[in-house]
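I have a structure I would like to understand better, so I am pasting it below and will then ask my questions one at a time.
What follows draws every value from the coordinates through simple rules; no lab data is involved. Keep in mind that what you see is a predicted model, and the values were worked out from it rather than measured. Ideal geometry is used to build each Cβ from the backbone, glycine not excepted, and the neighbour counts take in all protein chains shown.
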Amino acid sequence: MGKRIIQQARGKGSLSYRVRRRAFIYKIKYPMHDGEAVIADLIHSTGHTAPLMKITIAGETFYNPAFNGAVVGDKITINGQEAKHGTIMMLKHIPPGTHIYNLENNPGDGGKMVRTSGSSATITKKLEHNKISILMPSKKEIVLSGDCRATVGVIAGEGRTLKPFMTAGRKRYRMKPRNKLWPRTSAVKMNAIDHPFGSGRGKRIKPKIAKRNAPPGSRVGHIRPRRTGRAK
């Protein structure tokens, strides 16, 4: 008798596939107050790739990814006029060519994009109707409202990916708190009873077209693709 395939096991939510809540006790957001804030502490968060800044302003405490060069005790400005490292500003007030991170997708959501260590986006140009064009780290250009906020600078921890894990144990403990699927077994290497792509025969499989409402055991391959076949 076969066992559940990985999609079914993760969906059930067993102890093997459950995120550690302690890893995400620090919620990244932007404050409600404007003015001068102080970096109270730099925190290593297991659920984030970059160190976090604990910032206090007018009795309010919030967390934001640390910029490159942040020091405990430094003062940063919320909605200031000068685009210095660490300053939190609206996109319409930041000059083009400035590196920014922790962008809001919609005004007031607290920052949703560009939060990985060592990453940053660049403001390219200002458009009509309070729209700002931004070049993302993936080299894709997006347009956001000028009322969205962002932090000026580059996120700290740029060399994180250069250091090798060396042992499988270190990689396992790094993946565990974030609920990442590791190690990942290729589907064609499984038995036929454990995955629709499995079996020793026919390793050069053709892509499987799965319906959008297919159950987890069959929802593998291309999930309701817009088109298939070779582009003409």
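Send over the semi-axes of the chain's equivalent ellipsoid, whole angstrom and largest first, taken as the square roots of 5 times the C-alpha gyration tensor eigenvalues.
Value: 41, 24, 16 Å, ordered largest first.
Let me ask something additional. Where both residues lie in the chain, what percent of DSSP beta bridges are antiparallel, nearest 5?
90 percent
Still on this structure: Determine the sum of side-chain charges near TYR63: Lys and Arg each +1, Asp and Glu each -1, restricted to other residues whose C-beta is under 9 angstrom from that of TYR63.
Local charge sum for TYR63: +3.
Separate question: Can you tell me which lysines have their Cα less than 25 Å from the Cα of LYS171? Leave out same-chain residues fewer than eight positions away.
Those lysines meeting the cut-off are LYS12, LYS27, LYS163, LYS180, LYS189.
Taking only DSSP H segments of four or more residues, each worth -39500 (n - 2.57), what value at 222 nm results for the chain once the sum is divided by all its residues, to the nearest 500 deg cm²/dmol?
-1500 deg cm²/dmol
By how many nm would the segment from ILE193 to LYS112 lengthen if fully extended, with 0.36 nm per residue of separation less the alpha-carbon distance?
Contour length minus Cα-Cα distance gives 25.1 nm.
What relative contact order, as a whole-number percentage, does the range 89-232 give when Cα pairs under 8 Å and 6 or more residues apart are counted?
Relative contact order here is 17 percent.
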